[in-house]
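Notes follow the structure.
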Amino acid sequence: MFDITEGVERTRLANGLTVLTRERHDRPIVTSIIWYRVGSRNEEAGQTGKSHFLEHMLFKGTDRYGKGEIDLITLERGGANNAFTDTDFTAYYFNFAADRWPVALEIEASRMAHNQFAPEEFASEKEVVEEELRIGLDGPWDALDQAVWAAAFQQHPYHHPVIGWLEDLERATREEMEAYYRRWYHPRNATLVIAGDFDTRDALARVGELFGPIPAGPAPRPVASREPGQSGERRLILKRPTEMERLQVAYRAPEVGHPDSPPLQVLATLLGTGKTSRLYRRLEERDQSVTHHSVDYQDRIDPTLFVIRAEVKPGCAVGEVERAVAEEIDRLRQGPVADEELRRAKQLIKARFVLGHEQVADQAIALGMYETIHRYEHLAGLFARIDGVGADEVRRAAAAYLVEDHCTVGQLTHA
Amino acid sequence: MKTSVPRLKAERRELANGLVVLLSENHALPAVSVNAVVKAGERFVPDELAGLGSLAGELLDEGTEARSSQEIAEAVEATGGELASSGGYATTQLSATLLAGDLALGLELVADMLRRPSFPEDRVALEVSRRLAEIRARQDEPRLLASDAFNEIVFAGTPQRRPLAGYAETVPRVTRADLAAHHRRFFVPNNTLLAIAGDFDAATVGVEVEQLFGGWARDPAFRAPAVPAPRMQTAPATRLIRKEKEQVNIFLGHLGIARTDPDYHAVRLLDVILGDSPGLTSRIPRVLRDEQGLAYAVYCHAARGAGLDPGRFAAYIGTSPGNQARAVAGLREQIGLIAAAAPTQDEVRGARDYLTGSFVFEFETNAQIAQFLVSAETYGLGFDYPQRFVAEVGRLTPGDVLRAARRHISPDRLTLVVVGPV
C-alpha cells in the first residue's frame with residue numbers, strides 16, 4: 001500500500017529550519033512549499049486576521065523582487081504559485097516543471113527575511129482582503145460557521161475566524177503587520193518541503209546557501225490559552241434573508257495525535273461519507289429533509305470541533321433535522337456498529353487518502369501540514385491506527401465526545 | 001528553456017458496436033480512473049423539460065435493472081473508491097476513481113449503469129425534490145445568480161441559455177418515462193466513449209471491456225439532433241438585479257468561441273494576457289485588484305468554456321457597491337484595449353512560456369489523463385496534441401493575438417449584468 005512518508009528525509013539547518021525532501025522521478029514536476037507555524041491561533045484579540053492579511057503582503061515585493069515579480073517569474077516559467085492560511089499555519093507553494101524549479105527556493109529565502117511593506121501596497125491590499133471577507137459574508141455558510149466557532153471557543157483563539165473580524169482588519173496598521181512578520185517568519189518557525197523530480201543532495205546544498213545565513217529568530221511564543229471544559233449545550237440562531245435554513249452542530253473534539261482521534265475519524269466517515277453513510281440514509285433518503293450534509297473533523301494543534309452541517313429543504317424544519325441528527329448520534333452511543341459498516345468506513349478513509357494524494361503538490365501539502373501541526377511521521381502510522389479501531393472504541397468515542405453538554409448548535413433561519 | 005512535454009502513451013480501439021475505448025497506462029500510483037462519456041446532455045432537451053438531461057445523468061447511479069441505489073453505493077464504497085455521475089450540457093459522464101485492484105468491479109458497475117439504468121420512480125421523485133431545493137438555494141449565491149442572468153442574454157435562442165439544473169417550473173414535469181426515452185435514444189454505444197487511465201494492463205482490460213460492453217447493441221439509426229447555434233448579440237445589453245448583499249457581482253462580456261475554432265490557441269494566449277493567468281500577472285487582475293484594490297475575485301476569459309458550442313467571453317468582478325462604476329469602467333477599458341492594439345512582445349512571450357511550460361500539470365492525475373483522452377477524441381486532437389500544442393502556441397505573435405481579439409471581442413456589444421444592492 002502507498003506510504004506517503006516512504007523515503008522522506010528530514011534535515012535541520014543550524015538556524016532551526018526544518019527541510020523535508022521526498023525525491024521521486026515518476027513525473028517531471030517539483031513542488032516546493034514553505035510552512036510557517038503561525039495562523040489565526042496565534043492572533044490576539046483586536047488583531048485578528050493578521051496571519052491571512054500577511055500572506056497577501058508576501059506577494060507585494062521583497063528586497064530582491066519588485067511588486068508583481070514573483071507572479072511574473074511563475075508565469076514565465078510555466079508554474080503555479082499560491083498560498084493559504086488556516087488556524088495553525090500559513091503556507092506558500094510553487095509548482096514547476098523539474099528543469100526550472102530552484103527559483104522557488106530563491107524567492108522563499110528572500111520572502112522569509114526581506115519582505116517589503118510599502119505603505120501604499122498595504123493600504124490597497126487591505127481593500128482586497130476586506131472584499132475577500134465580504135464574499136464570505138454574502139455566502140450562506142461562513143456566517144453560521146463563524147458564529148458556531150465563536151460560541152464553542154470562548155477563551156482559545158479558535159474563537160475567531162481565520163480571515164479575522166472586519167473591524168479588526170479595518171484598523172490594522174502597516175507597522176503592526178511588519179512587527180508580526182518579524183515575530184513569526186523565521187527559520188526556527190518554518191518547514192520547507194520539496195517533493196518530486198529533483199536531486200536531494202543538490203537541493204539541500206542550495207537550501208543551505210540560501211536559508212543558512214538567515215538568523216534563527218526569536219523562540220516562537222507558545223499559545224498559552226486553553227479552552228476550559230464545556231458543561232452544557234450552547235445554542236445560537238442567525239437570521240438572514242435566505243431561501244434555505246441551515247444547521248451546524250459542533251462537538252468538542254481532541255487535537256491531532258490524541259488516542260481518541262482515530263475512532264472519531266471513523267465516526268465522522270460512517271456518519272458523513274458517501275451514500276452508505278448514516279446521515280445520508282437518514283436525512284437524504286428516509287426523511288428527505290436536506291439537500292446536502294457534511295461531517296468534518298480536521299486535525300489541529302489544539303482541541304478542536306467535530307462539525308456536522310446540513311442544508312434544510314424548503315418546507316422542512318431545521319429543528320426536525322436537528323432531532324434526526326441527535327437520534328443518529330444517540331444510536332452510535334448506544335450500540336456497536338456492524339463489522340461490515342466499520343470495515344467500509346476504514347476502507348473509505350484509507351482509499352480516499354491514497355486517491356487524494358495523486359498530485360505531487362498534494363503529497364507535499366500533507367507532509368508539511370503534519371510536520372507543522374505535529375510531525376510528518378504521524379502519516380506513516382495512519383493506516384495502522386485506522387485498522388486498529390474496534391467497534392467498541394467507536395461506541396465509547398461517541399459516548400465520550402458526541403454529547404449534548406459538549407455541543408454547540410447553530411441554526412441559520414429566515415429573517 | 002526547454003519545454004517539458006508530457007510523455008503520454010495511449011491507444012484507441014473501437015468495438016464492433018461503435019464504442020470508442022481509450023486507454024492510457026500510468027503506473028505512478030496503484031490507482032485508476034474510468035470516464036464514460038455519452039455525447040448527449042441538456043443540449044438535446046427541449047425547453048419545456050429543461051433539467052431532464054442533468055437529472056438523467058445524476059440518476060444513473062440511482063438504480064439499474066440488477067442493482068438498487070444502495071447496492072451500487074455499497075459496492076463502490078466498500079472499495080473506498082469514488083463514483084460520480086452527472087449530466088452536463090453536451091455530455092453525460094460517469095466517472096470512477098478507484099484503487100488499481102478494483103478496476104474490474106468498477107468497469108462492471110459502469111457498464112451496468114450506462115446500459116441498464118432503471119430510473120426507479122421513488123429515486124426520480126427524490127432527485128426532483130432535491131433539485132427543486134437546489135434551484136432555490138441558488139438564490140443565496142449572488143455570483144451564480146449573476147452568471148445565470150448573463151447566460152440568459154448571451155446564449156439567447158439556444159438551450160445553452162438555461163441553467164443545467166433546469167427551472168422550478170420544468171423540473172417537476174420530468175417523468176420516469178421521459179428519462180427512459182432520453183436514455184433509449186442517446187445512450188447507445190455508437191454515441192459513447194470509454195476512457196481508462198492509470199495502473200492497469202491494457203491487454204487484460206481490453207478483454208474485460210469487450211465482455212462487458214461488446215453485447216451492447218449499436219443503434220444504426222442514431223443521429224445527433226440539430227441544435228440551434230448561438231448568435232453573437234448585435235447590441236449592448238444591461239440587466240440589474242437587486243439583492244441585499246455586501247457586494248455587487250458583475251459579469252461583462254458576450255458570446256465566446258468553440259473548441260474547434262482555428263483561433264482557439266490565440267484566444268488561450270489572449271486570456272492569459274487579459275485576465276486568466278497565475279497570480280496577478282494578467283491585465284485585468286493586475287489593474288483592478290493589485291493596483292486599485294477593488295476586488296479579491298476578478299478575472300476574464302474567453303476560451304475556458306469552449307466546447308462543441310461556443311462558450312462565453314466573460315469578465316467577472318465582485319466588489320463593494322461603492323466601487324461599481326469604477327469596476328465596470330475598468331473592465332470596459334481593458335476589454336477595449338485588448339481589441340484595439342497588439343499586446344507587447346514581452347506579454348506574448350510570458351503568456352506563451354506559461355501555456356507551454358505549465359501544460360505538464362494537465363497530465364498529473366489519472367482523472368486528468370482520462371479527461372484529455374476524451375477531449376482528444378471529441379475534438380479530433382490526436383494523442384500527439386501535447387507536442388503540437390507546444391509547437392503551435394510557441395509560434396504565436398502579438399499580431400496573431402490582435403487578429404484573434406478583433407475577430408472574437410466586440411467592446412461595443414457587451415452585456416452587463418449586476419446582482420447586489422444596485
(request) Arrange A:Lys239, A:Lys346 by Cβ neighbour counts within 10 Å, fewest through most, would you? (result) A:Lys239, A:Lys346
(message) Let me confirm the definition first: pairs of Lys residues in the protein assembly as shown, 8 or more apart or on different chains, C-alpha distance under 23 Å. How many are there?
(response) 14
(message) Can you work out the Karplus-derived ³J(HN,Hα) for every residue in the stretch B:398-414? Use 6.51 cos²θ - 1.76 cosθ + 1.60 with θ = phi - 60°, whole Hz, and x for glycine or proline.
(response) x, x, 4, 5, 5, 4, 5, 5, 5, 6, 10, 10, 10, x, 8, 10, 7
(request) Taking amide H positions as placed in the peptide plane 1.01 Å from N, state which residues far from B:Gly307 in sequence (5 or more) or on other chains have amide H under 5 Å from it. (result) B:Arg259
(message) Please list, in order along the stretch B:271-282, the HN-Hα scalar couplings obtained from phi with the Karplus expression 6.51 cos²θ - 1.76 cosθ + 1.60 (θ = phi - 60°), rounded to whole Hz, x for Gly and Pro.
(response) 4, 4, 6, 8, x, 8, 8, x, x, 10, 7, 6
(message) Using a 10 Å cut-off around each Cβ of peptide B:80-86, what is the average number of partner chain Cβ atoms that fall inside?
(response) 4
(message) How high is the relative contact order of the stretch B:156-257? Use alpha-carbon pairs under 8 Å, at least six apart in sequence, and give a whole percent.
(response) 40
(request) Give the percent of DSSP beta bridges with both residues in the protein assembly as shown that are antiparallel, rounded to the nearest 5. (result) 80
(request) Enumerate the amide H contacts of A:Arg24 below 5 Å, restricted to partners 5 or more residues apart or on another chain; note that Pro and chain-start residues carry no placed amide H. (result) A:Gly196, A:Asp197, A:Phe198
(request) Could you quote the convex hull projected area for the stretch B:176-217, Cα atoms only and averaged over all directions, in nm²? (result) 3.9
(message) Under 8 Å for C-alpha pairs, at least 6 residues apart: give me the relative contact order for chain A, rounded to a whole percent.
(response) 24
(request) For each of B:Val20, A:Val249, count neighbouring Cβ atoms within 10 Å of the residue's Cβ, then give the residues from fewest to most. (result) B:Val20, A:Val249
(request) Search the structure for amide H atoms under 5 Å from the amide H of B:Gly279, placed 1.01 Å from N in the peptide plane, and list their residues when 5 or more places away or on another chain. (result) A:Asn81
(request) Determine, for B:Ser85, B:Ser320, the number of other Cβ atoms within 10 Å of each Cβ, and report the residues in order from fewest to most. (result) B:Ser320, B:Ser85
(request) Stick to the Cα atoms of the stretch A:250-385, pair each with every other, and give me the Kirkwood hydrodynamic radius in Å at one decimal. (result) 16.2
(request) Counting residues in chain A as N, plug N into 2.2 N^0.38 Å and put the Cα Rg over that result. (result) 1.03
(request) Would you mind listing how long the stretch B:241-382 runs along its three principal axes, going by Cα atoms, in whole Å with the largest first? (result) 50, 37, 27
(request) Calculate for the protein assembly as shown the 222 nm mean residue ellipticity that helices alone would give, adding -39,500 (n - 2.57) per DSSP H run of length 4 or more and normalising by residue count, nearest 500 deg cm²/dmol. (result) -12000 deg cm²/dmol
(request) Write down the Kirkwood hydrodynamic radius of the protein assembly as shown, to one decimal in angstroms, obtained as one divided by the mean of 1/r over all alpha carbon pairs. (result) 28.5
(message) How large is log10 of I(q)/I(0) for the stretch B:11-213 at q = 0.12, 0.16, 0.17 Å⁻¹ when the intensity is taken from the Debye formula with one equal scatterer per alpha-carbon?
(response) -0.64, -1.04, -1.13
(request) Taking only the C-alpha atoms, wrap a convex hull around chain B and report its volume per residue in Å³ as a whole number. (result) 149
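Throughout, read-outs are computed from the coordinates displayed, never taken from laboratory work. What you see is a predicted model, and the numbers here were worked out from it, not measured in a lab. Cβ sites come from the backbone with ideal geometry, for glycine too, and all protein chains shown count toward neighbours.
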